[in-house]
Amino acid sequence: MTSRTGTAGTTDEALGYEQARDELIEVVRRLETGGTTLEESLALWERGEELAKVCRRWLDGARARLDAALAEEEGAEEKDGSAAGNG
């Protein structure tokens with residue numbers, strides 16, 4: 001993936017979820033408002049697609065962390081349950 005500089009001079013890889021989401025909201029607002037040239041609209045659309053990917057990566061990562069934590073918790077409960085039944 002190519003790094004693209006965002007609004008604050010950070011690359012997309014360095015954007016936090018909230019920052020990417022807020023910039024995406026602004027892009028959508030500008031597209032919905034209209035008054036931009038075709039070239040500007042296309043550039044905004046492309047930026048929005050990139051920002052949506054950043055948000056998706058953050059959300060996928062959060063989901064993976066939650067799934068791992070839940071699996072770890074379930075494993076600990078199963079272990080405790082089988083240890084209690086052996087006594």
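Please determine whether any residue of the stretch 9-17 is modelled with pLDDT of 95 or more and either in a helix (DSSP H, G or I) or of a type in the set (D, E, K, R) (or both).
Within the stretch 9-17, one or more residues are modelled with pLDDT of 95 or more and either in a helix (DSSP H, G or I) or of a type in the set (D, E, K, R) (or both).
Filter the stretch 24-60 down to the residues that are assigned to a helix (DSSP H, G or I) and either at pLDDT below 95 or among the β-branched types (Val, Ile, Thr) (or both), then identify the one that is nearest to residue 12 (Cα to Cα). First the steps, then the outcome.
From the stretch 24-60, those assigned to a helix (DSSP H, G or I) are 24-33, 38-60; that's our starting set.
Retained after the next criterion (residues that are either at pLDDT below 95 or among the β-branched types (Val, Ile, Thr) (or both)): 25, 27-28, 33, 54.
Details: 25: 16, 27: 15, 28: 18, 33: 25, 54: 7 Å.
The residue in question is 54.
The values are calculated or read from the model by the stated rules, or taken from the named source; none is laboratory data. Keep in mind that this is a model prediction, so the values were computed, not measured.
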